[in-house]
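Structure record follows, encoded as structure tokens.
The values are calculated or read from the model by the stated rules, or taken from the named source; none is laboratory data. This is a predicted model, so every value here is computed, not measured. All Cβ positions, glycine included, derive from the backbone under ideal geometry; neighbour counts span all protein chains shown. With ligands, DNA and RNA removed, areas are computed over all heavy atoms of the protein, side chains included. Shrake-Rupley method; radii C 1.70, N 1.55, O 1.52, S 1.80 Å.
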Amino acid sequence: VWSMERPADADPMVLRRGDVGFSFNHAFSPGSDWLATADGSGLAVWPLGRQYPSILRVQDQRGWSSLAFGPGGEWLAFGDFHGTVNLTPLEGDVPPQGHAVYQGEYMVSSLAVTSDGARLLATSQLIDAATVIPLDGGRPSSLTGLEYGYGGAFSPDGRLAVVAGSTGRDIGRRLYLVRADTAEPVASFEPPGGVGEDVTFEDDGRILSCGPSGVSLTDPSTGGSELLFDGICGRFAASSDGRRIALVETDVAVSYGTSGRVVVIDLDAGTKRNLESHGDEVWSIAIDPTGTVVATGDREGVLRVGPANGDEPHLLLGHEGRIWDVEFDPLGRWIATGGEDR
């Protein structure tokens, strides 16, 4: 069954009823909330009125690595293990076919978008470690001298970008501040929490980052940093104002990701809460723009979505294997997940 409201790239929904040799006389109810089918086993009536996930299949056999919504939720960008960045429209009577906006040479480790939706920032862990991609068809710009890019973000005004990376495998990671239009370097920082995979800006232009020694807040105008969380932070996400942080705390610092437990930090209230309801095998994490809802993906492919106060989350099943990335639509309508099952 194909939904004409979903992206053109989405898989059809397969209705399964065991070993059926043939079926006939399919009929939708008025309004299409139900589908009736007849086959050799009898009559079946299928509910279509509730929400089902849209599945966008990645052709790369090694899976999906990173996601980013457009600022108004009008499209979804995703990067794969072959360095391709695709953009899939999510609006229109029938959302049109998606297309590739960039082709790199190695796995896309993160994606970020400017607040006006004009540019994407893609990081990679080998060649073209940090690339600014104009979505008007202009020529991409790469940060020279950087060999490994782990995460990136644009400043609120879109003039600058920050990249978590290093100039070599055995060289310590730093935060690199670059121009958003040319990827030219402006400054670099070594925050006290170290540098891991995730980095973002607060509304006031300060930079939040996490690493093997905790979560740091860096002021790029002075280079000064403070430690907000003391512990091993694998992944993290922040509310739109940067004042509430959800992170994955781990027991062992590794070079690229590991699973752990969820901690939510409220910077205004000065509180820290462990979200035991999400388990201790969390791999990816997101928090909605208001800072009130947390979504996590675990090693087994379970997506949990629940209040940031730790109440029992909803379980959303469907992935087979690890969920690499979780993202909220900026308008709070959708959640996108990317998994190793493509």
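Numbers below:
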item: Strands (runs of 3 or more DSSP E) wholly inside the range 45-152 that include at least 1 residues being over 18 Å from the mean Cα position of the chain (by Cα); result: 99-103, 130-134
item: Hits in the range 273-289 - residues which are touching a Lys or Arg at 6+ places or on another chain (Cβ under 9 Å) and in a strand (DSSP E or B); result: Asn274, Leu275, Val282, Trp283, Ser284, Ile285, Ile287
item: Subset of the range 290-309 [outside any strand (DSSP E or B), in contact (Cβ under 8 Å) with a residue 24 or more places away in the chain and either touching a helix residue (DSSP H, G or I) at 6+ places or on another chain (Cβ under 9 Å) or open to solvent by less than 40 Å² (accessible area, probe 1.4 Å) (or both)]; result: Gly291, Gly301, Ala308
item: Matching residues in the range 1-18 - criterion: being part of a loop (DSSP other than H, G, I, E, B) and open to solvent by less than 70 Å² (accessible area, probe 1.4 Å); result: Val1, Ser3, Arg6, Pro7, Ala8, Asp9, Asp11, Pro12, Met13, Leu15
item: Candidate set: the range 90-115, residues that are in contact (Cβ under 8 Å) with a residue 24 or more places away in the chain and aliphatic (A, V, I, L, M); chosen: the one surrounded by the fewest Cβ atoms within 10 Å (Cβ to Cβ); result: Val94
item: Options Gly242, Gly231, Gly260; residue that is at pLDDT below 95, open to solvent by less than 40 Å² (accessible area, probe 1.4 Å), over 19 Å from the mean Cα position of the chain (by Cα) and small (Gly, Ala, Ser); result: Gly231
item: Residues satisfying the stated conditions in the range 311-342, i.e. in contact with a helix residue (DSSP H, G or I) (Cβ under 9 Å, 6 or more places away or on another chain) and surrounded by 19 or more Cβ atoms within 10 Å (Cβ to Cβ); result: Pro313
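Conditions tested, residue by residue: (1) surrounded by fewer than 21 Cβ atoms within 10 Å (Cβ to Cβ); (2) modelled with pLDDT of 90 or more; (3) part of a loop (DSSP other than H, G, I, E, B).
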| site | (1), (2), (3) |
| --- | --- |
| Arg169 | yes, no, yes |
| Val178 | no, yes, no |
| Val186 | yes, yes, no |
| Gly193 | no, yes, yes |
| Gly205 | yes, yes, yes |
| Cys210 | no, yes, no |
| Ser216 | no, yes, no |
| Ser221 | yes, yes, yes |
